[in-house]
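The block underneath contains the structure these notes are about, expressed in structure tokens.
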Amino acid sequence: MRVEEQKLTANATTAGGTVIALVPAAGRGIRLEAGMPKAFVELAGKPMLVRAVEGLLAAGCVDQVVVIVPADLVAAAAALLPATVQVVVGGAERTDSVRCGLQAAGDADYVLVHDAARALTPPGLIQRVVAELRSGHRAVIPGLAVVDTVKAVDASGMVVGTPDRATLRAVQTPQGFDAEVLRRAYRGESGATDDAALVELIGEQVFVVAGDEMAFKITRPIDLALAEALLA
Ligand code: C5P
């Protein structure tokens, strides 16, 4: 894209545009060992899903929230959430659930894809992602520097490489996209572990903004214990 075209795109997006947030919460959360779908597990008396949605609404830059849950939990989710939040049925994999949410996204200009499991995500992080989208980036993801050295290993457990840690980022959600870009990415392959990977596959550039340690994903029992301790 030429510089003049880039400026035009940036101006068009700065002029406004609606933001919809999709919250996939249709996972079974087996790794959490809580005996119920992860998004419905309570954190200091409030389900993770409710906390994640409250964070999005508190950011003040999201026009609509769509929550994606297992078919048998639609009524339960709707009862927990404000009436303005739409609740739809998800699919077998996370990408299937996001695809279900996208169908309900209407003609929004920007789409944020969050995880119910990142229940403590601060509103400031959500605002950073939306601000970069509005300034013209078509795909924006939060990321943190990696503290561990990361190894690539083969199937037999032998190390096959050590990527330079300074070039690595552990990425979080919400990931933000120009709606047209995300829809195009979702026409292709699925099965990726994040939405940005699908956008990378169609050749679009993805911009990383500073993540936040509070946006960690609550996946294992130790994550739940940490989240409870932080709220105590
Ligand atoms: O399993 P994982 O921790 O990667 O899930 C991330 C998020 O995606 C969770 O909020 C989970 O509920 C959601 N998910 C989903 N549909 C699936 C699997 C996961 O909405 N089929």
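Key figures for this structure:
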| item | result |
| --- | --- |
| Hits in region 17-55 (condition: of a type outside the set (D, E, K, R), exposed (fewer than 14 other Cβ atoms within 10 Å of the Cβ) and modelled with pLDDT under 80) | ILE30, GLY35 |
| Residues (more than 10 Å from the ligand (Cβ to nearest atom), under 15 Å from the mean Cα position of the chain (by Cα) and either assigned to a helix (DSSP H, G or I) or among the small types (Gly, Ala, Ser) (or both)) located in region 16-33 | ALA21 |
| Those residues of region 121-138 which are open to solvent by less than 50 Å² (accessible area, probe 1.4 Å) and away from the ligand (no atom under 13 Å from the Cβ), in sequence order | PRO122, PRO123, GLY124, LEU125, ILE126, VAL129, VAL130, LEU133, GLY136 |
| Residue within region 157-168 that is in contact with a helix residue (DSSP H, G or I) (Cβ under 9 Å, 6 or more places away or on another chain), among the charged types (D, E, K, R) and at negative phi present | no |
| Residue in region 136-146 that is touching a Gly at 6+ places or on another chain (Cβ under 7 Å), among the small types (Gly, Ala, Ser) and within 15 Å of PRO174 (Cα to Cα) present | yes |
| Pairs, first more than 21 Å from GLY124 (Cβ to Cβ) in region 135-147, second in a strand (DSSP E or B), C-beta under 8 Å, six or more apart | ARG138/PHE177; ARG138/ASP178; VAL146/ARG169; VAL146/ALA170 |
| Wholly enclosed helices (runs of 4 or more DSSP H) of region 34-112 bearing at least 2 residues under 15 Å from the mean Cα position of the chain (by Cα) and either away from the ligand (no atom under 16 Å from the Cβ) or closer than 13 Å to PRO24 by Cα (or both) | 48-58, 94-103 |
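The values are calculated or read from the model by the stated rules, or taken from the named source; none is laboratory data. Computed from a predicted structure; not experimentally measured. Glycine also receives a Cβ, built like all others from the backbone with ideal geometry; neighbour counts cover every protein chain displayed. Ligands, DNA and RNA are stripped out before the accessible areas are found, and what is left, the full protein with its side chains, is counted by its heavy atoms. Shrake-Rupley method; radii C 1.70, N 1.55, O 1.52, S 1.80 Å.
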